[in-house]
Amino acid sequence: MSLVELYSKGTRVWLPDTLEIWQGGVLTAGYQEGAKELTVTLESGEVRTLRIRDAGRDLPPLRNPDILTGENNLTSLSYLNEAEVLHNLRIRFLERRTIYTYCGIVLVALNPYQDVPIYDDTVILAYSGCEDVGSALEPHVFGVAEQAFNHMSVFGQNQSIIVSGESGSGKTVNARYTLRYLATVASAATASVGDVGGGGGNGGAGDDFHYSQIEDRILASNPILEAFGNAKTTRNDNSSRFGKYIQIAFAASQISHASIRTYLLEKSRVVTQASNERNYHIFYQLCSTEDASLGLSSPDNFQYLSGGQCWTVDNVSDADELSVTRTAFRTLGLTEDDEWSLFTILAAILHLGNVSIHPGESSESSAIAASDPGLSAACDLLKIDQEQLRTWLVHRRIVTVGEQLIKPFTVDEAVNARDAVAKFMYACVFHWLVALINKALERRSQQQKQKTELSHCLPFVGILDIYGFEIFQVNSFEQFCINYANEKLQQQFNIHVFKLEQQIYVSEEIDWSFIEFTDNQPCIELIEAKLGILDLLDEECKMVRGSDSNWLQKMQRTLGKSRHYDTPKIGSRDCFIVRHFAEPVAYTVHGFLEKNRDAVYEDLLSIVRASEVDFFSRLFSGGGVAEPAGAAGSAGGRGRATSNPGAYFKDIAPTGRSAQQPPQQQQKFSRQTVANQFKQSLTDLMDTLSKTNPHFIRCIKPNDAKAPFDLDSRRAVEQLRACGVLETVRISAAGFPSRWGYEEFYQRYRMLLRERLALSAKAAQLKAACVAILELGKWPTWRGCAASACTGPASPCSAATEAGCSGAATPEFAWPCCSLRHGRAEFLRDDAPLHCVGAGPLCACRLGGAECAPGAASNERAPPPHFRRRRAKRQLLQLRAEARDVANLRNKNFGLENRLIELHQRLDAQNAELEAGKAKQRQLEVSLHCC
Ligand SMILES: Nc1ncnc2c1ncn2[C@@H]1O[C@H](COP(=O)(O)OP(=O)(O)O)[C@@H](O)[C@H]1O
Ligand SMILES: [Mg+2]
């Protein structure tokens, strides 16, 4: 049967809709090959005539029968297209209140905007150690974490969990739960070998778990990073303004150590916020103390906290949050003294923002009053020279050959200079904290330290929580960097999905032709290649008279012919368009050069670096990552600089002179631009990710009003397109999108078989039974039209629907041997290995993997002894949960029972008819014989 033959009268299809994006309908007449029109009756009753061009290639997407709706894994749908993905997510989310769904190797997570009771320790236990987490249990972020953890434990391979999605979609929440899952299962492992680390045990995850020190510290890093790196935006009350990759290394299933890398902190927020947005949470937390010694009071008294005219967050107490932050500081070993030092800098930043800069004697100059309260408060706190700061905030030094000129700043220039120092100081604090966290997450015991050289051998699970693709009304440098990062991540994703597809076909011995996918390499080259956008930007930044508009002109001259570069035909002239994989985005060039240079005048830097407080001086000198006095295991105590400070200060200006050097020697910057450093850090990240086995979580923000369990189809489709879920579907659909094991396939279509085989096929006969089903399609070879069976009114798929499908595809989880392509089934060659997909083979595969290399495997690779205990506990809890769910099951079974009864009745009627026919035949034969 050809594809067009599926479009018979009564076939259910999807039509594009302006409001709902897709609307269901039924063909009023069958489609004839070559016909130019198709008539569809929509669910609303409206009859619509579609024009069909392109020799039937633009026929509307087909709908699956309702019984298939709401599958755990979308790849088990017979027809896999955008409309079906959306429809299934909608039904699962709105009707079943299920927020997670697998789409092949991707876990799609919809933000419920409401607490859902699916994250407690009983649920962790249910997933922990589950042998077939992808198909035995509901899709869940814990399922992904378990797959990663298990894969790492058994095969010793590094894993990464990549969480992406737009702002407010739930990345940080899901990353947090992933982290908690890993900490919890690791703590169970620790407890089972009777080696609970000292100092921990806050029991944060409940009675069953007592975290060891390292687990406590990993969990404590979250509130700190969120206090200093998150802020309220219009999209999310707790929006992360930096990217984060945390790597947790395991030894014998216990956490050995961890490290965190951060990406591109949004520094501009320190000095300015958009309407109804806030600065970083920590400032408001600090103001809640109204500490007189720091000169702190209500946040509306500070310029830097008033840009968005928003000082509070609904349902959040900044005072309570401060105590959470401080508790986390203690857990990480930060002393009260060091904490006080950090708070002093933060308070000084706020006072600096209140420094009033007014016009000077000429229009080209500016000045600050000697009695400015902001200035004196900032200088008192930082212990720096007030007169020096007052002078160099409004002047700059120009060094030419053999002479020095002092030039006044205009008011705007002086404000910029002041803000640059504030941003610089905040970035220093943030990176110092990241360094502190990394220090605290290092190995502690002597024995562990001895193994440090071997640390790279320990397998790890990395969790990446990074900003998703962004399109605003006005898109600037930040959006450009974020979208560039997403372009790189998407490429990794494509390559991985694509590679995986090919691997499956090879291992299943499927005869296939090369699958094409949209490679976004040309777009990446447009951005990062020589004479690409970033290169030209850096060139322009080096020019004395460089400007945003000059850069735009150069781009137009050099890149105008690129398919991925464009300029707006109407509207703003200071924009350029990049055709990203998700969507074209128009960027406004204004501010690109300044943000890319991120320059701080050296005269000002030298003043803050000359602080009388040793800690501040070193912190602002880039090498000031004083090892915190109380940090566990610190050898030198307070005041000792690290040997490699540069590593901690990746994205701040590290090459300025030290506080002792005279200012005039250091007028030139020899530092990297922000874009260049970002490019480098992305390259490193991609390099790390490419050496791991990736798992993908795509978070979707279902509506902009943050309404609980509400789905705006337009917004959902936008994000599904942007985060690559539909690209996965497209890549899969180009190959064999739907996959079943023989068992599953047989269960789904067995009703098509007339004989008793349909009811009693044993494992050994499964393959023959599947072949028989496919042969019903009367294909000359092993090809059959299995999918058309699904479009019939009574699709036989009871058990398959209940059982769901295998989860994320990983090469060693042998995929089922039967694949559907564009609705057609292609059966595997007869000599292909028969895998019965289910817990058995999957388990065997895992154990096989572990047994394969007993010599090479260290004890870290062997299944840990606590597994059995965990498994038993999990089974018990699962049973309990199932018992609780009995009403739910009864409802489900009610429908299935009805269907089964209906089918049995139909079978009986047909058998009776057959028997009657046979009797009639016998009668006729007898009468013929008598004649
Ligand atoms: N699984 C979830 N359950 C309940 N609420 C959630 C969940 N995921 C996200 N949220 C809500 O959405 C908000 C934004 O989520 P967050 O993870 O901060 O978004 P992102 O990191 O993608 O910007 C959270 O503060 C929380 O209120
Ligand atoms: Mg976040």
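The values are calculated or read from the model by the stated rules, or taken from the named source; none is laboratory data. What you see is a predicted model, and the numbers here were worked out from it, not measured in a lab. Quick reminder, even Gly has a Cβ in these numbers, built from the backbone with ideal geometry, and neighbours come from all protein chains shown.
Of all residues in region 136-153, one or more are farther than 26 Å from Tyr113 by Cα, at pLDDT below 90, more than 16 Å from ligand 1 (Cβ to nearest atom) and surrounded by fewer than 24 Cβ atoms within 10 Å (Cβ to Cβ).
For every residue, the table says whether it meets (1) modelled with pLDDT under 90; (2) among the small types (Gly, Ala, Ser).
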site: Ser681; (1), (2): no, yes
site: Leu685; (1), (2): no, no
site: Phe709; (1), (2): no, no
site: Arg714; (1), (2): no, no
site: Leu720; (1), (2): yes, no
site: Arg730; (1), (2): yes, no
site: Ala733; (1), (2): yes, yes
site: Arg739; (1), (2): yes, no
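Quick check: anything in region 119-133 at pLDDT 95 or above and within 16 Å of ligand 2 (Cβ to nearest atom)? No - not one qualifying residue is present in region 119-133. Exactly one residue among Asp598, Asp651 is modelled with pLDDT under 50 and within 30 Å of Tyr565 (Cα to Cα), and that residue is Asp651. Any residue that is within 16 Å of ligand 2 (Cβ to nearest atom), crowded, with 18+ Cβ neighbours inside 10 Å and either more than 24 Å from Thr673 (Cα to Cα) or at pLDDT 85 or above (or both) - is there at least one of those in region 487-499? So far as region 487-499 goes, yes, one or more of its residues are within 16 Å of ligand 2 (Cβ to nearest atom), crowded, with 18+ Cβ neighbours inside 10 Å and either more than 24 Å from Thr673 (Cα to Cα) or at pLDDT 85 or above (or both). For region 154-178, a residue qualifies if it is within 16 Å of ligand 1 (Cβ to nearest atom), in contact with a Gly (Cβ under 6 Å, 6 or more places away or on another chain) and not small (Gly, Ala, Ser), and the qualifying residues are Glu166, Lys171. Residue count for region 516-543 satisfying the condition of being in a loop (DSSP other than H, G, I, E, B) and surrounded by 20 or more Cβ atoms within 10 Å (Cβ to Cβ): 1.
For the structure I just gave you, tell me whether Ile398 is among the hydrophobic types (A, V, I, L, M, F, W, C) and closer than 18 Å to Gln285 by Cα. Walk me through how you get there before you give the answer.
On the way: among the hydrophobic types (A, V, I, L, M, F, W, C): yes; closer than 18 Å to Gln285 by Cα: no.
Here the answer is no, as Ile398 does not meet what is asked.
When the residues of region 42-84 are filtered to those that are exposed (fewer than 14 other Cβ atoms within 10 Å of the Cβ) and among the polar types (S, T, N, Q), the one that is nearest to Tyr749 (Cα to Cα) is Ser44.
I'd like the full set of residues that are closer than 18 Å to Ala420 by Cα and either modelled with pLDDT under 95 or surrounded by 13 or more Cβ atoms within 10 Å (Cβ to Cβ) (or both), limited to region 357-374.
Let us first name the residues in region 357-374 that are closer than 18 Å to Ala420 by Cα, namely 357-358, 366-368, 374.
Across region 357-374, the qualifying residues are Ile357, Ser366, Ala367, Ile368, Gly374.
Select, from Asp291, Asp318, Asp300, Asp314, the only residue that is away from ligand 2 (no atom under 16 Å from the Cβ), among the acidic types (Asp, Glu) and buried (at least 18 other Cβ atoms within 10 Å of the Cβ).
Exactly one residue qualifies, and that residue is Asp318.
Of the set (1) part of a helix (DSSP H, G or I); (2) in contact with a strand residue (DSSP E or B) (Cβ under 7 Å, 6 or more places away or on another chain), all apply to Gln404 but (1). The residues of region 548-592 that are within 29 Å of the chain's Cα centre (by Cα), among the charged types (D, E, K, R) and not in a strand (DSSP E or B), listed by number, are Arg563, Glu583. Candidates in region 164-175 are the residues that are under 11 Å from Ile463 (Cα atoms) and either within 9 Å of ligand 2 (Cβ to nearest atom) or small (Gly, Ala, Ser) (or both); of these, the one that is surrounded by the fewest Cβ atoms within 10 Å (Cβ to Cβ) is Thr172.
Pairs meeting the criteria (first residue in region 223-239 and away from ligand 1 (no atom under 11 Å from the Cβ), second residue of a type in the set (Val, Ile, Thr), beta carbons under 6 Å, at least 6 apart or on different chains) are Pro223/Val324; Pro223/Thr325; Ala227/Ile282; Ala227/Thr325; Phe228/Ile282. Scanning region 453-470 for residues that are away from ligand 2 (no atom under 12 Å from the Cβ), modelled with pLDDT under 85 and in a loop (DSSP other than H, G, I, E, B) turns up Phe469, Glu470. Can you find even one residue in region 395-411 that is in contact (Cβ under 8 Å) with a residue 24 or more places away in the chain, among the polar types (S, T, N, Q) and in contact with a Leu (Cβ under 9 Å, 6 or more places away or on another chain)? No, because not a single residue in region 395-411 is in contact (Cβ under 8 Å) with a residue 24 or more places away in the chain, among the polar types (S, T, N, Q) and in contact with a Leu (Cβ under 9 Å, 6 or more places away or on another chain).
What do you reckon, is Asp320 in a helix (DSSP H, G or I) and among the acidic types (Asp, Glu)?
Numbers: in a helix (DSSP H, G or I): yes; among the acidic types (Asp, Glu): yes.
So Asp320 passes the test.
For region 2-15, the condition of being in a loop (DSSP other than H, G, I, E, B) and among the acidic types (Asp, Glu) holds for none of the residues. The set of residues in region 242-270 that are touching a Ser or Thr at 6+ places or on another chain (Cβ under 8 Å), within 13 Å of ligand 1 (Cβ to nearest atom) and assigned to a loop (DSSP other than H, G, I, E, B) contains only Phe242. Within region 179-201, restricting attention to residues that are of a type in the set (Val, Ile, Thr) and at pLDDT below 80, the residue that is farthest from ligand 1 (Cβ to nearest atom) is Val193. Scanning region 326-340 for residues that are buried (at least 20 other Cβ atoms within 10 Å of the Cβ) and part of a helix (DSSP H, G or I), we see that the one that is farthest from the chain's Cα centre (by Cα) is Asp338.
Select from region 384-435 the residues that are small (Gly, Ala, Ser) and closer than 23 Å to Ser366 by Cα and write down the one among them that is surrounded by the most Cβ atoms within 10 Å (Cβ to Cβ). The residue in question is Ala414.
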